[in-house]
Every structure is written in structure tokens, then in C-alpha cells.
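Below: the structure, in C-alpha cells.
Quick note: the coordinates plus some simple rules give every number you see, no bench work behind them. Quick caveat, the model's predicted, so the values are computed rather than measured. Neighbour counts run over all protein chains shown; Cβ positions are idealised from the backbone, glycine included.
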Amino acid sequence: MKLGFGFYRHMLNPENMAFARQCGATHAVVHLVDYFKKGANSENPANDQPTGNLGGWGHAGDPGKLWTTAELLVIKNQLNTAGLEWEAIENFDPAHWYDVLLDGPRKREQLENLKTMIRRVGEAGIPIIGYNFSLAGVCGRLSGPYARGEAISLGMNGPVDDPVPNGMVWNMVYDGNAPTGHLPLISHDELWKRLEDFLDACLPVAEAAGVRLAAHPDDPPMPTMRGTPRLVYQPQLYQRLLDIRRSPANALEFCLGTLSEMTEGDIYEAVECYSRQQAIGYIHFRNVAGKVPHYHETFVDDGDIDMLRVLSILRQNNFDGVLIPDHTPQMSCSAPWHSGMAYALGYMRAALDSVNRILTMKSQS
Ligand SMILES: [Mn+2]
């Protein structure tokens, strides 16, 4: 298993890359979407995970501007110079696939664009694209002094049912001039059908390009959020996602925090089940306390999940991918985000070391 560091787009610079390497990371997961292009009513702080109000995180990118191989290679070279390998891109830009999510008029064209970008990601030698097939996206969370020592973290305190306005999907505005109104109500089956269309179009291209498409579970994992259905809100729904289209490219962006927030199942059984199937692309290695609709994010060593137990299951099933902290509580100092990441990575490195040593000792005795 390998330690990775997640970079938001605006944090991609030589100093942060050196910081990641100094923390012990050897791999990088990069968000190419800029979540922090603020809209009129966005409250998104630039040095934390993206949050926002009902108006979303901010504005999506340019639908006509696809990722290019050249631009990917520039970032890859910067990472390599800092001593990091580029393991995954996290998330498509809503601007590139809003009508794939919404089954809208530009769906065919956008599926072709996704295929083009997947080929380019393969050309650049990046093995995984993480995605989150969700209409409401990550939403409905509150920020407060919920973690140890009153560190600021995120949590949920009850469902959020305010509908998603037209022109917004996946918590970002793709059309600021959309007519007033809200996304139409659709069923869970309709959303699964849209996912199947996406997988049918993209999996063959991904297989040929040597790229795995790795699905994040719905965060927060509620059956519905903001009046829209969710796909993976219980651990066994990941199995449905794998079974609808069996392919080595149909994989999981395995978020331990989100899985632990689910009301059913057992986190260790889920880790066992999906790592045994070699379905895990990479892992969001973070911890939480509680379950939806009442939970909060914690320091990695301070939540409901026994992280060492998770690591030993992963090791026994020969998981050899990358673990990243995803996000952490903000620590009280002049660099709240960086210190949170450094703390998480230090813990992860020590935890990996101990699990490796214990299992090596066991196998020798
Ligand atoms: Mn996650």
C-alpha cells in the first residue's frame, strides 16, 4: 500500500508538492475541477475541503475546454519533479458531463467528450479517474468545532431537502442563466439507468486506455438529498454498481468515512468484500463519528473506525493501491489545513508500518 496526498486545483504548486513529499507521500491524487471559483453566494473557504450553502460551491468550468494530454503532462512533470507519482484524477467537471447526469440534450456530445478525456488520461499514464455519479453531490453539511479539542470539522445534523435549482448539478452552477425552478423529481431506477449509460459508453474506452473509473459513494450517504435520489448510500449498493457492468475498469473510490456513515452494514465486512474482489481503485482514508443523518468528521485516530484493523484486512487481500487522507479537521494554528494533512499522513505512515511488521512477524512465527 502506498501513501498519497490529495491536491485541490488551486493548491497545485511546487511548495505544496514538496510538503506532500515531506509528509511521506509518494503518490498524488489531483482534483482538476476548481471548486473554489466562487459564485455570488458561495461560502467556500479556499484552505479547506469545499463547502457551501444551498447555492452550491461555485461555478463549473468551461464545457468547451476539455482536459488535454499536454496540460496533464505539465502537471505530471511537476509532480514527478517533486518526487510524486500521479495515481488518480478525482472527479469530472460538472461542466463536462451535466447532461450525462441529468439525461439532458447534450448527453451524447458530453459522453463523447468524456471518452476523449479518458483516452488522454491514459496517454498521460494516469491510472485512475475517480468520479461521483450524483445530482446533488456533496451537500447539506455543517461546519463547527466537532472534532477533538474543538477542531473545526464537518458534520451533518438532519436531512436537507431543499430542492436543487435549475442550472446547478453536483453542487456547482453550470448555467447561471437557467430559468427559475428546480430539477425534476426522478426515481432511483432512473438514476441507475443513467449510470449504466455512462458506464456503457466509457468502460470500453477506459479498458483500452488502461484507466480505471472509480466510483465514490454518495456523500452524505442518504437515500435522497435535496429531493434527488442517491446511488451508493449503503455498503451493498457498491456491489450493485460493480455487478451492473463487470469490467476491470469498473472500480471503486473507496471512502471509509462515507461508508462508515452508512446506516447498514459493517465497515470491516465492506473492506473485506471489496478488497477481496480487487475492486478498489484508491482509498479515502478518513474517520468519522456517528451515522447519517447525524455524524461528524474526526481526526483519523479518533472516530468509529479501527483504522489498523482496516489496514490489516487490506494487506491480507493484497491491496496495493494508494491511501489519501481525503480531508481532516482544521487544526488551530497559522496553517490549519496543512497541519491536519501532516497529522493524518504521519499517523497513516506509522499505522502502515505497524501493520506490516505485525503481519510479517505472524507469518514468520
Ligand atoms: Mn471521500
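Tell me yes or no: at least one residue of the stretch 163-175 is touching a Cys at 6+ places or on another chain (Cβ under 7 Å), in contact (Cβ under 8 Å) with a residue 60 or more places away in the chain and at positive phi.
So far as the stretch 163-175 goes, yes, one or more of its residues are touching a Cys at 6+ places or on another chain (Cβ under 7 Å), in contact (Cβ under 8 Å) with a residue 60 or more places away in the chain and at positive phi.
Of the residues that sit in the stretch 201-228 and are in a loop (DSSP other than H, G, I, E, B) and in contact with an Asp or Glu (Cβ under 7 Å, 6 or more places away or on another chain), which one is nearest to the ligand (Cβ to nearest atom)?
HIS216
Specify which of the listed residues (ALA251, ALA289) is part of a strand (DSSP E or B) and under 15 Å from the mean Cα position of the chain (by Cα).
That would be ALA251, the only listed residue that is part of a strand (DSSP E or B) and under 15 Å from the mean Cα position of the chain (by Cα).
Is it true that GLY149 is surrounded by fewer than 15 Cβ atoms within 10 Å (Cβ to Cβ), in contact with a His (Cβ under 8 Å, 6 or more places away or on another chain) and not in a strand (DSSP E or B)?
Considered against the rule, which asks whether it is surrounded by fewer than 15 Cβ atoms within 10 Å (Cβ to Cβ), in contact with a His (Cβ under 8 Å, 6 or more places away or on another chain) and not in a strand (DSSP E or B), GLY149 comes out as no.
Is there a residue being within 13 Å of the ligand (Cβ to nearest atom), touching a helix residue (DSSP H, G or I) at 6+ places or on another chain (Cβ under 8 Å), over 21 Å from GLU150 (Cβ atoms) and of a type in the set (Val, Ile, Thr) anywhere in the stretch 256-267?
Taking every residue of the stretch 256-267 in turn, none turns out to be within 13 Å of the ligand (Cβ to nearest atom), touching a helix residue (DSSP H, G or I) at 6+ places or on another chain (Cβ under 8 Å), over 21 Å from GLU150 (Cβ atoms) and of a type in the set (Val, Ile, Thr).
In a helix (DSSP H, G or I) and away from the ligand (no atom under 16 Å from the Cβ), is that true of TYR274?
No, not satisfied.
I'd like the full set of residues that are closer than 11 Å to GLU272 by Cβ and either in contact with a strand residue (DSSP E or B) (Cβ under 8 Å, 6 or more places away or on another chain) or β-branched (Val, Ile, Thr) (or both), limited to the stretch 304-313.
Answer for the stretch 304-313, where residues must be closer than 11 Å to GLU272 by Cβ and either in contact with a strand residue (DSSP E or B) (Cβ under 8 Å, 6 or more places away or on another chain) or β-branched (Val, Ile, Thr) (or both): VAL310, ILE313.
List the number of the failed condition for MET331; all other conditions in (1) away from the ligand (no atom under 16 Å from the Cβ); (2) closer than 28 Å to ASN157 by Cβ; (3) surrounded by fewer than 19 Cβ atoms within 10 Å (Cβ to Cβ) hold.
If we test MET331 against (1) away from the ligand (no atom under 16 Å from the Cβ); (2) closer than 28 Å to ASN157 by Cβ; (3) surrounded by fewer than 19 Cβ atoms within 10 Å (Cβ to Cβ), just (3) comes out false.
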